[in-house]
1. Please pick out the residue among 16, 7 that is closer than 17 Å to residue 73 by Cα and under 28 Å from the mean Cα position of the chain (by Cα).
2. Only one of (1) at pLDDT below 95; (2) exposed (fewer than 12 other Cβ atoms within 10 Å of the Cβ) is not met by residue 78, so which one is it?
3. Please determine, by comparing only the residues of segment 89-122 that are in a loop (DSSP other than H, G, I, E, B) and at pLDDT 70 or above, which one is surrounded by the fewest Cβ atoms within 10 Å (Cβ to Cβ).
4. What are the residues in segment 55-74 that are surrounded by fewer than 12 Cβ atoms within 10 Å (Cβ to Cβ) and either of a type outside the set (D, E, K, R) or touching a residue at least 24 places away in the same chain (Cβ under 8 Å) (or both), if any?
5. Scan segment 17-53 for residues that are under 23 Å from residue 71 (Cα atoms) and part of a helix (DSSP H, G or I) and jot them down.
Amino acid sequence: MVQTADVWSCGVTLYVMLVGGYPFEDPDDPKNFRKTIGRIMSIQYKIPEYVHVSQDCKELLSRIFVANSAKRITIREIRNHPWFLKNLPRELTEAAQAMYYKKDNSAPTYSVQSVEEIMKIVEKARTPPPSSTPVAGFGWAEEDEQEDSKDPDEEHEDGEDEYEKQVKQVHASGEFHLSC
């Protein structure tokens, strides 16, 4: 029963991804759960005309949404269905998957690169790139050293001077608006 429930769930998920809504929900009355359950029991769903879905996909959905779980398509059949196989990457085909799982995982695998080569790459990645222009705030700029040598009281006074200038400008213009 679990696998057939999974197939049904996959069908609902596929429908939602294609259509953007649930398959058995009444679009005119989506909150009516009694109606939704009735539509599930009678396998009443419809793909809207504005949604373009291939015939293979429609056929797959019709084989997933089957009330009798014994007659419902299986996962194995889905994996061999034309719609599922269309544009499927080669490494995801059953043949490729079978070869992967038959591979002897206990056999050691070797990197194309030696440990020394890998360590050189890692070390190179740790080295910051040379900067053609100083980057302030990161300890690479000469300006940082100059700024650090400033007297903190000077900075405070500079800030007060700028504030005072703005206050004087506002007073001189006669316009001062507060917005809340």
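The values are calculated or read from the model by the stated rules, or taken from the named source; none is laboratory data. Everything quoted here is computed from the prediction, not taken from an experiment. Positions of Cβ are generated from backbone atoms using ideal geometry, with glycine treated the same way; all protein chains shown enter the neighbour counts.
1. On inspection, the qualifying residue turns out to be 7.
2. (2)
3. Within segment 89-122, the match that is surrounded by the fewest Cβ atoms within 10 Å (Cβ to Cβ) is 89.
4. 55, 67, 68, 70
5. Within segment 17-53, the first condition is being under 23 Å from residue 71 (Cα atoms), and the residues that meet it are 22-24, 36-47.
Scanning segment 17-53 gives 36, 37, 38, 39, 40, 41.
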